[in-house]
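Asker: Before I ask anything, let me first share the structure, which is written out below as structure tokens.
Read the figures in this text as sums done on the coordinates, not as results from a lab. Quantities reported herein were computed from a predicted structural model and do not represent experimental measurements. Neighbour counts are summed over all protein chains in view; Cβ atoms, including those assigned to glycine, are modelled from backbone coordinates with ideal geometry.
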Amino acid sequence: MKIGIYTGSFDPVTNGHLDIIERGSKMFDKLYIGVAINVEKKYLFDADERVRLLKEACKDYKNVIIVQSEGLSVEFAESLGANVILRGLRVLTDFEYELQMASINKSLNPNIETIFMMTSTKYSFLSSSVVKEIAKFHGDISKFVPPVVETAVKKIFL
Ligand code: ADP
């Protein structure tokens, strides 16, 4: 069975993430989405809410499972029986960080491959931070996030 993981903060999940999830779900029998819990990071949404929003946004993808993840990605992957870490690549600036992470993960566990999927062009400048920035100034985020996220974000930035 081909099992992959895709981890991130998803604070909140955007259409860019969903594009990777949808395409990724076709490559694996099971794709786990790991919602990162990092006590040192300040999130807009707590982990339970980030999971809820992802679950709602991914409800049509039957082989996609949303879970919380803590600690090293390779250990998280191993615990789920996954041998592929899926990552999305947007702009060139993502590359350096991603190459570093992929190299470190390879040295921690050579059995786990990192694979990259290029973002669809229309999402190449989309990030959770951009969404939050637009929402803060009451701009229209409907093109960038699923409806459930739009509602949740609007509630925060009333
Ligand atoms: P973190 O900030 O903790 O890395 P993110 O939720 O921003 O978490 O990103 C998780 C993954 O999703 C990363 O691989 C990132 O490159 C990818 N990603 C984020 N936004 C997009 C997008 N618009 N298109 C494609 N991939 C994306």
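Asker: Looking at Phe125, Phe137, Phe76, which is the one that is within 11 Å of the ligand (Cβ to nearest atom) and farther than 14 Å from Ile21 by Cβ?
Answerer: Answer to the check: Phe125.
Asker: Follow-up. List pairs: first in region 139-158 and free of Cβ contacts under 8 Å to residues at least 24 places away in the same chain, second buried (at least 18 other Cβ atoms within 10 Å of the Cβ) and in a loop (DSSP other than H, G, I, E, B), Cβ under 6 Å, 6+ apart or cross-chain?
Answerer: Glu150/Ile141
Asker: What residue, among those in region 31-43 that are more than 12 Å from the ligand (Cβ to nearest atom) and touching a residue at least 40 places away in the same chain (Cβ under 8 Å), is farthest from Leu80 (Cα to Cα)?
Answerer: Ranking the qualifying residues of region 31-43, first place goes to Leu31.
Asker: While we're on this one: Which of the numbered conditions does Leu44 fail, given that it passes all the others? Conditions: (1) of a type in the set (A, V, I, L, M); (2) part of a loop (DSSP other than H, G, I, E, B); (3) touching a Ser or Thr at 6+ places or on another chain (Cβ under 7 Å).
Answerer: Unmet for Leu44, out of (1) of a type in the set (A, V, I, L, M); (2) part of a loop (DSSP other than H, G, I, E, B); (3) touching a Ser or Thr at 6+ places or on another chain (Cβ under 7 Å): (3).
Asker: For region 42-60, give me each residue that is of a type outside the set (D, E, K, R) and touching a strand residue (DSSP E or B) at 6+ places or on another chain (Cβ under 8 Å).
Answerer: Ala47, Val51, Leu54, Cys58
Asker: Given the structure, is Phe116 closer than 23 Å to Gly4 by Cβ, without any contact (Cβ under 8 Å) to a residue 60 or more places away in the chain, among the hydrophobic types (A, V, I, L, M, F, W, C) and within 16 Å of the ligand (Cβ to nearest atom)?
Answerer: Criteria met by Phe116.
Asker: Only residues that are within 8 Å of the chain's Cα centre (by Cα) and surrounded by 22 or more Cβ atoms within 10 Å (Cβ to Cβ): list them for region 6-19, please.
Answerer: Once the filter is applied, which keeps residues that are within 8 Å of the chain's Cα centre (by Cα) and surrounded by 22 or more Cβ atoms within 10 Å (Cβ to Cβ), region 6-19 yields Tyr6, Phe10, Val13, His17.
Asker: Please verify whether Phe10 is near the ligand (Cβ under 10 Å from one of its atoms) and either in a helix (DSSP H, G or I) or in contact (Cβ under 8 Å) with a residue 60 or more places away in the chain (or both), treating the condition exactly as stated.
Answerer: Taking the combined requirement at face value, the residue satisfies it.
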